[in-house]
Amino acid sequence: MGVPLPEELYAATFLDRPNRFTVRAWCLGSVVQAFLADPGRLAELLQPGTQLYLAPRVAPGRKTEFDVVLVRHGEILVAVDSRLPNKIFAQAVRAGEISEFQGYSNIRPEVKVGPSRLDFLLAGEGRVPCYVEVKSVTLVVGKEARFPDAPTTRGSRHLKELAKLRVQGFRAAVVFLIQRQDAQQFAPNEETDPLFARTLREVAGLGVEVLAYRCQVDIKEIRLSNRVEINL
């Protein structure tokens, strides 16, 4: 079972990226603007001439005509919507597809913890409540997925909140959802954000679970595939 992608997708050619959330592309015979729901750099994916798949979007006051959904990278498709991993994770937990989180029947999203909001609080009969933060990963170097691909102070703050909860006796986990199928392992991106990498190692030492899963992506859906090795 996967998360369905928009039924109406148009092939397009990437031209440039005027800002973090806007892409210009050639689509349907003209230059269009599309919303990119991923603040990462995506430098290895968004090269001039790259094929994109855009979903039309119409809403009052909206400045762009499309959303960027997929990028073709060599022989594979990469999902570049950072809103998808939370949907994928929640669906997989409900379906019992992630062995590490089986038995959690109650999935509460967007839980306020201190000054932050964590993605999920999982609860289930006879289970220790588990706080989960899900991170969207699109960068793969060789066969190694890496996060983040741009510095993230927010990401480090979330890790510290998870560590506090773990010390209080809760389960706490950070889950890296790799929105492509070619990764064989995961590592923090030390070069881009050494603080995040160091913090991830520290919280892992305190008992925060660090998990990474790759996804199968096609033109119709994105679905959880399998867990990959963590290299801290």
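Taking segment 8-37 only, how many residues are assigned to a loop (DSSP other than H, G, I, E, B), over 18 Å from the mean Cα position of the chain (by Cα) and in contact (Cβ under 8 Å) with a residue 12 or more places away in the chain? Lay out the reasoning, then the answer.
First, pick out the residues of segment 8-37 that are assigned to a loop (DSSP other than H, G, I, E, B): 8-9, 20-21, 28-29, 36-37.
From the residues that got through so far, the ones that are over 18 Å from the mean Cα position of the chain (by Cα) too are 8-9, 28-29.
Cutting the leftovers down to in contact (Cβ under 8 Å) with a residue 12 or more places away in the chain gives us 8-9, 28.
Total meeting the criteria: 3.
How many of the residues in segment 166-188 are within 15 Å of the chain's Cα centre (by Cα) and either of a type in the set (S, T, N, Q) or not assigned by TED's automatic domain parsing to the domain that holds R127 (or both)?
Residues meeting the conditions: 2.
Looking only at segment 219-230, filter to residues that are surrounded by 14 or more Cβ atoms within 10 Å (Cβ to Cβ) and not β-branched (V, I, T); which one of those is nearest to A145 (Cα to Cα)?
This residue is R227.
Filter segment 1-17 down to residues that are acidic (D, E) and over 17 Å from V217 (Cβ atoms), then give me how many there are.
From segment 1-17, those acidic (D, E) are 7-8, 16; that's our starting set.
Pick out the ones that are also over 17 Å from V217 (Cβ atoms) and you get 8, 16.
Residues that pass the stated criteria total 2.
Determine whether segment 26-49 contains at least one residue that is under 30 Å from G142 (Cβ atoms), crowded, with 17+ Cβ neighbours inside 10 Å and in contact with a Gly (Cβ under 8 Å, 6 or more places away or on another chain).
Within segment 26-49 (the criterion being under 30 Å from G142 (Cβ atoms), crowded, with 17+ Cβ neighbours inside 10 Å and in contact with a Gly (Cβ under 8 Å, 6 or more places away or on another chain)), the answer is no, since none of the residues qualifies.
Take D193 and tell me if it is closer than 19 Å to G2 by Cα and at pLDDT 95 or above.
Numbers: closer than 19 Å to G2 by Cα: no; at pLDDT 95 or above: yes.
Considered against the rule, which asks whether it is closer than 19 Å to G2 by Cα and at pLDDT 95 or above, D193 comes out as no.
Can you say whether G40 is outside the structural domain of D149 (by TED's automatic domain parsing), in a loop (DSSP other than H, G, I, E, B) and in contact (Cβ under 8 Å) with a residue 40 or more places away in the chain, as far as the supplied structure shows? Can you show your working first?
Working: outside the structural domain of D149 (by TED's automatic domain parsing): yes; in a loop (DSSP other than H, G, I, E, B): yes; in contact (Cβ under 8 Å) with a residue 40 or more places away in the chain: yes.
So G40 passes the test.
Name the residues in segment 95-127 that are among the polar types (S, T, N, Q) and more than 17 Å from S156 (Cα to Cα), would you?
Of everything in segment 95-127, those that are among the polar types (S, T, N, Q) and more than 17 Å from S156 (Cα to Cα) turn out to be S99, Q102, S105, N106.
Filter the strands (runs of 3 or more DSSP E) completely within segment 87-161 down to those with at least 1 residues that are more than 22 Å from L206 (Cα to Cα).
Details: elements: 106-113, 116-123, 130-137, 139-141, 144-147.
Result: 106-113, 130-137, 139-141, 144-147.
State yes or no: is E133 free of Cβ contacts under 8 Å to residues at least 40 places away in the same chain, in contact with a strand residue (DSSP E or B) (Cβ under 9 Å, 6 or more places away or on another chain) and charged (D, E, K, R)? Talk me through it step by step, then tell me what you get.
Details: free of Cβ contacts under 8 Å to residues at least 40 places away in the same chain: no; in contact with a strand residue (DSSP E or B) (Cβ under 9 Å, 6 or more places away or on another chain): yes; charged (D, E, K, R): yes.
When the stated conditions are applied, E133 does not pass them.
Residue check, R57 against (1) modelled with pLDDT of 95 or more; (2) more than 17 Å from the chain's Cα centre (by Cα); (3) closer than 27 Å to R154 by Cβ, all met but one. Which one?
Looking at each condition in turn, R57 falls short on (1).
Could you please let me know if V137 is farther than 17 Å from A172 by Cα, surrounded by 15 or more Cβ atoms within 10 Å (Cβ to Cβ) and assigned by TED's automatic domain parsing to the domain that holds A197?
Criteria met by V137.
If only one of T199, T153, T192 is surrounded by 19 or more Cβ atoms within 10 Å (Cβ to Cβ), in contact (Cβ under 8 Å) with a residue 40 or more places away in the chain and hydroxyl-bearing (S, T, Y), which one is it?
Values: T153 fails: surrounded by 19 or more Cβ atoms within 10 Å (Cβ to Cβ); T192 fails: surrounded by 19 or more Cβ atoms within 10 Å (Cβ to Cβ).
It is T199.
The values are calculated or read from the model by the stated rules, or taken from the named source; none is laboratory data. Keep in mind the model is a prediction, meaning the values are calculated, not measured. Cβ coordinates were reconstructed from backbone atoms using ideal geometry, including for glycine residues, and neighbour counts include every protein chain displayed.
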